Amino acid sequence: MDYRLILLNRLLDKYEKSKLYKDGQSSRRILLNMLSKEFPEYDIENYEIKELINSVVIELKQMSCIDFEWKRFEEGNIIEKVWLNTANIEDVYKKANRKPKKDKIEEILTLVEKFYADVCKLPNTAFAIEFARNAIDYINTKKEIIGFLSEDVEITSALLKVLKEICMDLESEKIERVLSVKLYGDSKYFERNVKRKLINVLKKYYFSNISSDFEDISDEDVLALVGIVKNSEEITFCGHISIKIDKKWVDMSAFEDGVSIYSDSVRKMEEIDMRCINKVIFIENKTNYFDHILNKKSNDELIVYHGGFYSPIKGLFFEKLYAACEERQIDFYHWSDIDIGGFRLFVRLKKNIIPILKPFMMDVQTFMDNKQYWIKFDKSYANNLKKLLEN
């Protein structure tokens, strides 16, 4: 065990949290009590360890890195206090094989300022601009790294890289591991080092710019909303429609139990023939989706599996469906759980894509008829529900 590194790094940790580090002025010493939990390695009952640490402390004093004080009446035997020689702080960092925190902060500040300059040139990047401004202001004011970033310069650089990638293309599907290889040369780097931080940034800055209704959204839905998915997304539906892809018409009515297509097919769709359809129903829950197809569906209905918060590619499919029906009087419905998540899915689809959307099986009578499935909620949940009444 390298007690010299342990001791110096523990003192530097305290220094970097101190008023002296932040303001440059303080009369208080950066001190460790060797006989407390601050340095449990100093076992005075173990003669060999005690003497080894004593020799390390004496050596570091001779190097002008620290000073120390013996315990009263135990001079030459037990060390009680050790403190940092802040007048020689640069040399202390070198002896600890450690980059000074202020140097890391300056390096990270440079990265964020470059990111800010880059995203200011791109369209639809209000969230990234706000994030960068806040990070720059926080670093300049607090002399600390904002919590969304990392003191590890490499990880902060990686986070900014994926944020810029999102800003350059919010609409396209980005498969998680393919994206990781593209940006970092490692299929698992994103998942290991960047994913959690990206989700936190998106929840705070991206969703606050597009909606206030995302408190309960899952991590996978967070990423899907900016096009990052585990695998190429499936679009699942059932109904008597035909789709023109690459100048060829494909009759989907042959699939009586429904069909799934992938992202590339959605992009290649040129036309959708909806002449046999009078009603489109989006269903959040997959069990309800299949049950409706098997037991309740009529021939003039198109049933679409909605799932959670739709991704850009699902949104594109929904847009193409709606565009194919604009010249005809077709009813559009959305069926979700009767809860805050279901209401938010409905509101988002209606607000962004289908203004004529109506709720299906989400009315008061359905709610009252299913009292056995009611679940109690708390005041926080009630307040969030009340907010939706404003929309």
**Request:** Can you confirm whether segment 37-58 contains a residue that is open to solvent by 60 Å² or more (accessible area, probe 1.4 Å) and either on the phi > 0 side of the Ramachandran plot or part of a strand (DSSP E or B) (or both)?
**Result:** no
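Mind checking which residues of segment 159-213 are basic (Lys, Arg) and either modelled with pLDDT under 95 or open to solvent by less than 60 Å² (accessible area, probe 1.4 Å) (or both)? Full working, then the answer.
Taking segment 159-213 first, the residues basic (Lys, Arg) are 161, 164, 174, 177, 182, 188, 192, 195-197, 203-204.
Matches in segment 159-213: LYS174, LYS195, LYS197, LYS203, LYS204.
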**Item:** helices (runs of 4 or more DSSP H) lying entirely in segment 338-391 (those with 3 or more residues that are under 28 Å from LYS279 (Cα atoms))
**Value:** 340-352, 364-369
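Tell me, which residue of segment 263-272 that is open to solvent by 50 Å² or more (accessible area, probe 1.4 Å) and touching a helix residue (DSSP H, G or I) at 6+ places or on another chain (Cβ under 9 Å) is nearest to ASN295 (Cα to Cα)?
Going through segment 263-272, the residues open to solvent by 50 Å² or more (accessible area, probe 1.4 Å) turn out to be 264, 267-268, 270-271.
From the residues that got through so far, the ones that are touching a helix residue (DSSP H, G or I) at 6+ places or on another chain (Cβ under 9 Å) too are 267, 271.
On the way: ARG267: 32, GLU271: 29 Å.
It comes out as GLU271.
Considering only residues that are under 19 Å from PRO312 (Cα atoms) and in contact (Cβ under 8 Å) with a residue 60 or more places away in the chain, look in segment 229-262 and name the one that is most open to solvent (accessible area, probe 1.4 Å).
Here is the first cut: in segment 229-262, the residues under 19 Å from PRO312 (Cα atoms) are 229-237, 260-262.
Those still in the list that are in contact (Cβ under 8 Å) with a residue 60 or more places away in the chain too: 229, 233, 235-237.
Values: VAL229: 18, GLU233: 35, ILE235: 2, THR236: 12, PHE237: 1 Å².
Among those residues, the one meeting the criterion is GLU233.
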**Message:** For segment 150-182, which positions are touching a residue at least 40 places away in the same chain (Cβ under 8 Å), more than 25 Å from ILE105 (Cβ to Cβ) and either touching a Pro at 6+ places or on another chain (Cβ under 6 Å) or small (Gly, Ala, Ser) (or both)?
**Reply:** GLU171, SER172
**Message:** Restricting to segment 311-333, name every residue that is touching a strand residue (DSSP E or B) at 6+ places or on another chain (Cβ under 9 Å), more than 11 Å from PHE282 (Cα to Cα) and open to solvent by less than 20 Å² (accessible area, probe 1.4 Å).
**Reply:** SER311, ILE313, LYS314, PHE317, LEU321, CYS325, ILE330
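Give the residues of segment 331-390 that are hydroxyl-bearing (Ser, Thr, Tyr) and farther than 30 Å from LEU316 by Cβ, sorted by residue number. I'd like the intermediate steps shown before the answer.
Filtering segment 331-390 down to residues hydroxyl-bearing (Ser, Thr, Tyr) leaves 333, 336, 366, 373, 380-381.
Within segment 331-390, THR366, TYR373, SER380, TYR381 meet the criteria.
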**Item:** Any hit, segment 90-112, residues being touching a strand residue (DSSP E or B) at 6+ places or on another chain (Cβ under 7 Å), open to solvent by less than 60 Å² (accessible area, probe 1.4 Å) and β-branched (Val, Ile, Thr)
**Value:** yes
**Complete:** Only one of (1) touching a Pro at 6+ places or on another chain (Cβ under 8 Å); (2) more than 30 Å from TYR138 (Cα to Cα) does not apply to ILE79, and that is (1)
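Do we find that VAL82 is of a type in the set (Val, Ile, Thr), open to solvent by less than 50 Å² (accessible area, probe 1.4 Å) and assigned to a helix (DSSP H, G or I) in this structure?
Working: of a type in the set (Val, Ile, Thr): yes; open to solvent by less than 50 Å² (accessible area, probe 1.4 Å): yes; assigned to a helix (DSSP H, G or I): no.
It is false that VAL82 is of a type in the set (Val, Ile, Thr), open to solvent by less than 50 Å² (accessible area, probe 1.4 Å) and assigned to a helix (DSSP H, G or I).
The values are calculated or read from the model by the stated rules, or taken from the named source; none is laboratory data. Note that this is a predicted model, so its numbers are computed, not measured. All Cβ positions, even for glycine, are placed from backbone atoms using ideal geometry, and neighbour counts span all protein chains on display. Surface accessibility is based on the protein's heavy atoms, side chains included, excluding ligands, DNA and RNA. Shrake-Rupley method; radii C 1.70, N 1.55, O 1.52, S 1.80 Å.
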